[in-house]
Amino acid sequence: METGKIIQIFAESGFMVDPGALDILKTGNSPELIQRVLRSIDSSVLVVEAEHIRNAPFATPEKAGTTSLKIPIVETPSMFSSGNSGQGDNTPQLLTVPSVTVLKDISNQSTCIGEYTDFVGYFKDRYTLLGDLLRKRISARPVESLNKRNMDTREPLSVIGMVLDKRTTANGHRLIEVEDSTGTIPVLVHKEKDKELFELAGSLLMDEVIGVTGTLSGDGSLMFANSIIRPDIPNTQKISLERENARGKAVFISDIHVGSKTFLEDAWLRFVDWLGDDIDYLIIAGDVVDGIGIFPGQDRELAILDIYQQYAKAAEYLNAVPKHIKMIISPGNHDAVRQAEPQPCFPERITRLFRSDITFVGNPAMVDIGSVKVLIYHGRSMDDIIAGTHGFSYGDPAKPMASMLRFRHLSPIYGGRVSIAPEKKDHFVIDPVPDILHCGHVHTVGVSRYKNVLTINSGTWQSQTEFQKRMNLQPMPAKATVVDLASMEYRINSFD
Ligand SMILES: [Fe+2]
């Protein structure tokens, strides 16, 4: 194994490795040896030395005081070998039956009518949930209290608010207007004071909730920012005890678009044929079918013109997935549920076409698979996040997905491409922090890690459409991302 990989594995568990130890680890059966060393070593050790390796026992009993950090299992050639040939390889067998638990889902819980008061309630809930996350890090005061006279304007103070407006002043500074439930205040970010802060201010999106620390102008009507923080996810997201027991392999796909002339049937059949004994879960993040009337002239691109026949065909494809694989299906903007998000799961008229063991959830939804929390969101908000952020593009979906985790919100902008239904609860707030964030929608593939969250955009099973040709969008079709839930190692498999 490469030196860099060994160092990285130990660093992820909080250890450094000295050169003598490295020499031993590079030879022999490294993955197995590394695991033994990590299991046996005391958490008070800073630098792993040759002696620690020589003392690492061959058995792996749980030892009092040993580190409870993640023990990465290193990817081996057999780990992701194709499925149907799975019998006979060295893939560890699942110790428990794969199970799916739905942790969060809008389905059957929608309460809103869409009146003004619903919107007020919705945004209050967003502010409360994200504000509470920020209050763990800053002590904020209500905006209305800042306008009082006789305040000491030299002392820094903090507010938590939603971004109501942002613009650049005539002198090139940024002016952000933030609002809480008591009032609004403009915040000036000086172009020459702090480059990082100035860039952060430029990347703010409308309606995201932020914390601002700064000083006030003499009359208390303007704030000069010293720092801006986002709710974000913790730097050291703890691996839960349950996660340590995670088992199994999950495959992540999205945007199948059955019914479209550009659906790649041959690639799809190769994929289903590949799904073997070592795969436990198949998770689909929306756009199961191409739908009808989604954009003008779509009928010219459809092979199946009836929406129910599209689902009947999709059911035929998915019902052929090996029976032992637990499937979870969430809708997207091409599917036959309401367009406003959060979207509920498919109605019974559609689900009855499919195998009865499939778990249908809404969009977004949080599920637990084999003790790993997966947040599934089709990802329509990426249209707004990419359009609103300098340097973001459809070719690199990992960036907008990391932004979602920084916002702790899947779809902050109101009034963009996403129609947000004003539910009582803001279902887009990311809490708890998932182990995996899975999106689709953009038809490009990007798998990355943001802090300890694996972010997966799983691409599509549709070749370039006429619309994508006009927009010069290049899809990355026929890919499936496989994740080993114990190690969180992943591989992107191609079927084109
Ligand atoms: Fe799609």
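Please identify the pairs in which a residue from segment 309-325 that is farther than 17 Å from Asp335 by Cα has its Cβ atom under 9 Å from the Cβ atom of a residue that is among the basic types (Lys, Arg), counting only partners at least 6 apart or on another chain.
Pairs found: Asn319/Arg355; Val321/Arg355; Lys323/Arg355.
Which one of Ile386, Ile376 is in contact with a Pro (Cβ under 9 Å, 6 or more places away or on another chain) and crowded, with 22+ Cβ neighbours inside 10 Å?
Every option except Ile376 fails the conditions.
Evaluate segment 299-315: report whether one residue or more is more than 27 Å from the chain's Cα centre (by Cα), within 15 Å of the ligand (Cβ to nearest atom), surrounded by 19 or more Cβ atoms within 10 Å (Cβ to Cβ) and assigned to a helix (DSSP H, G or I).
Checked segment 299-315: at least one residue is more than 27 Å from the chain's Cα centre (by Cα), within 15 Å of the ligand (Cβ to nearest atom), surrounded by 19 or more Cβ atoms within 10 Å (Cβ to Cβ) and assigned to a helix (DSSP H, G or I).
Identify all residues within segment 440-476 that are aromatic (Phe, Trp, Tyr) and either buried (at least 22 other Cβ atoms within 10 Å of the Cβ) or in a strand (DSSP E or B) (or both); write none if there are none. Steps first, please.
Taking segment 440-476 as the starting set, the residues that turn out to be aromatic (Phe, Trp, Tyr) are 450, 461, 467.
Scanning segment 440-476 gives Tyr450, Trp461.
Quick check on Val418: is it over 30 Å from Gln464 (Cβ atoms) and touching a residue at least 24 places away in the same chain (Cβ under 8 Å)?
Taking the combined requirement at face value, the residue does not satisfy it.
Inspect segment 159-175 for any residue being part of a loop (DSSP other than H, G, I, E, B), on the phi < 0 side of the Ramachandran plot and surrounded by 15 or more Cβ atoms within 10 Å (Cβ to Cβ) and give the result as yes or no.
Taking every residue of segment 159-175 in turn, at least one turns out to be part of a loop (DSSP other than H, G, I, E, B), on the phi < 0 side of the Ramachandran plot and surrounded by 15 or more Cβ atoms within 10 Å (Cβ to Cβ).
Which is in a loop (DSSP other than H, G, I, E, B) and under 12 Å from the mean Cα position of the chain (by Cα), of Gly415, Gly379, Gly395?
Gly379
Residue-wise test of (1) modelled with pLDDT under 95; (2) away from the ligand (no atom under 14 Å from the Cβ).
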position	(1), (2)
Thr455	no, yes
Gly459	no, no
Lys469	yes, yes
Ile492	no, yes
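A quick yes/no check of all residues on (1) without any contact (Cβ under 8 Å) to a residue 12 or more places away in the chain; (2) closer than 23 Å to Gly446 by Cα; (3) not in a loop (DSSP other than H, G, I, E, B):
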position: Lys193; (1), (2), (3): yes, no, no
position: Gly202; (1), (2), (3): no, no, yes
position: Ser227; (1), (2), (3): no, no, yes
position: Ile279; (1), (2), (3): no, yes, no
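Right, Gly370: more than 25 Å from Leu264 (Cα to Cα) and either small (Gly, Ala, Ser) or at pLDDT below 95 (or both) or not?
yes
Within segment 256-284, which residues are aliphatic (A, V, I, L, M) and more than 15 Å from the ligand (Cβ to nearest atom)?
Ala267, Leu269, Val272, Leu275, Ile279, Leu282, Ile283
Regarding segment 268-286, can at least one residue be identified that is over 23 Å from the mean Cα position of the chain (by Cα), farther than 30 Å from Gly370 by Cβ and surrounded by fewer than 22 Cβ atoms within 10 Å (Cβ to Cβ)?
Let us first name the residues in segment 268-286 that are over 23 Å from the mean Cα position of the chain (by Cα), namely 268-278.
This time we only want the ones that are farther than 30 Å from Gly370 by Cβ, so: none.
No: zero hits.
Being away from the ligand (no atom under 16 Å from the Cβ), aliphatic (A, V, I, L, M) and modelled with pLDDT of 95 or more is the filter here; which residues of segment 230-255 pass it?
Hits for segment 230-255 are Ala250, Val251.
Need the failing condition index for Ala387 against (1) within 22 Å of His334 (Cα to Cα); (2) outside any loop (DSSP other than H, G, I, E, B); (3) at pLDDT 95 or above, just the number.
Only one criterion in (1) within 22 Å of His334 (Cα to Cα); (2) outside any loop (DSSP other than H, G, I, E, B); (3) at pLDDT 95 or above is unmet by Ala387, namely (3).
If you go through segment 232-249 one residue at a time, do you hit one that is in contact with a Phe, Trp or Tyr (Cβ under 6 Å, 6 or more places away or on another chain) and not in a helix (DSSP H, G or I)?
no
Please work out if Ile138 is surrounded by 15 or more Cβ atoms within 10 Å (Cβ to Cβ) and farther than 20 Å from Ile413 by Cα.
Details: surrounded by 15 or more Cβ atoms within 10 Å (Cβ to Cβ): yes; farther than 20 Å from Ile413 by Cα: yes.
Judged against the criteria, Ile138 is a match.
To keep it simple, each residue is scored yes or no on (1) in contact with a strand residue (DSSP E or B) (Cβ under 7 Å, 6 or more places away or on another chain); (2) within 16 Å of the ligand (Cβ to nearest atom); (3) β-branched (Val, Ile, Thr).
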| site | (1), (2), (3) |
| --- | --- |
| Ile385 | no, no, yes |
| Gly388 | no, no, no |
| Tyr394 | no, yes, no |
| Arg406 | no, no, no |
| Pro422 | no, no, no |
| Val429 | yes, no, yes |
| His443 | yes, yes, no |
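The values are calculated or read from the model by the stated rules, or taken from the named source; none is laboratory data. None of these values were measured; they are calculated from a predicted model. Every residue, glycine as well, gets a Cβ built from its backbone with ideal geometry; the counts of neighbours run over all protein chains shown.
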